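Quick notes on the structure that follows.
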Amino acid sequence: MTATPTPRVTIKDVAARAGVSKGAVSLAFNHKPGLSEATRDRIFLAARELGWSPSLTARTLAGSRVDVVGLAVCRPARALGLEPWYMEFVSGVQSVLAEHSSSLLLRLVRNMDEEVGAQEAWWRGRQIGGSILVDFRADDPRVAMTQRLGMPVVAVGHPSLTGGLTSVWTDDATAVTEAVRYLAAMGHRRIARVGG
């Protein structure tokens, strides 16, 4: 005997539960103006109670933004798990995206050509709304690719390598220099290096 599948919850069900139109549900989930906070909260509560969330496919087909951010990392899978920085980075990115009902599309690639191909396919296929780029090098081909495609990105790297892309980075050299100066000023003459 086979079980009868439970019918899928739709936007119409959420609207009926919240006592609003389907358009109001759409406004709420697309963070558009035109609803009171009380109505918005009622819609989100109804959606949670029913276990409903907007279909990524439907939003993409409707021309809405894609709430997925791409990240391609050129590392073997086994090595990635051994690099604490990357695991913390991915975890931090995902936690912020989750706060905005967005997701991270992560792919491990073998080389830069594969990454460029993946990023371009994601963007052209409307799988992502933008990307985070890491591990920059001189004359990085991703700079020209993102500019050609008009793809929004955040580059994690020094601006001297990121070709004018919006970038974030940590100035480790200054931090280490200040730490060593402080230790030397305290009278320490031997300083051990501890690396990750």
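The values are calculated or read from the model by the stated rules, or taken from the named source; none is laboratory data. Bear in mind that the values here come from a model prediction, so they are computed numbers and not experimental data. Here the Cβ is made from the backbone with ideal geometry for all residues, glycine too, and neighbour counts use every protein chain on show.
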Given (1) over 24 Å from residue 83 (Cα atoms); (2) at pLDDT 90 or above; (3) touching a Leu at 6+ places or on another chain (Cβ under 9 Å), index of the condition residue 130 fails: (3)
Go through the stretch 102-127 residue by residue and tally those that are of a type in the set (Gly, Ala, Ser), more than 15 Å from residue 67 (Cβ to Cβ) and surrounded by 15 or more Cβ atoms within 10 Å (Cβ to Cβ). 1
Can you find even one residue in the stretch 166-187 that is within 25 Å of residue 80 (Cα to Cα), among the acidic types (Asp, Glu) and surrounded by 18 or more Cβ atoms within 10 Å (Cβ to Cβ)? no
Search the stretch 149-165 for residues that are over 16 Å from residue 71 (Cα atoms) and pair each with any residue that is part of a loop (DSSP other than H, G, I, E, B) and not hydrophobic (A, V, I, L, M, F, W, C) when their beta-carbon atoms are under 7 Å apart and the residues are at least 6 apart or on different chains. 161/137; 161/140; 163/140
For the stretch 85-107, does any single residue satisfy the condition of being touching a strand residue (DSSP E or B) at 6+ places or on another chain (Cβ under 8 Å) and either among the basic types (Lys, Arg) or at positive phi (or both)? yes
Taking the stretch 141-165 and keeping only residues that are assigned to a loop (DSSP other than H, G, I, E, B) and farther than 15 Å from residue 118 by Cβ, one is left with 150, 152, 157, 158, 159, 160, 161, 162, 163, 164, 165
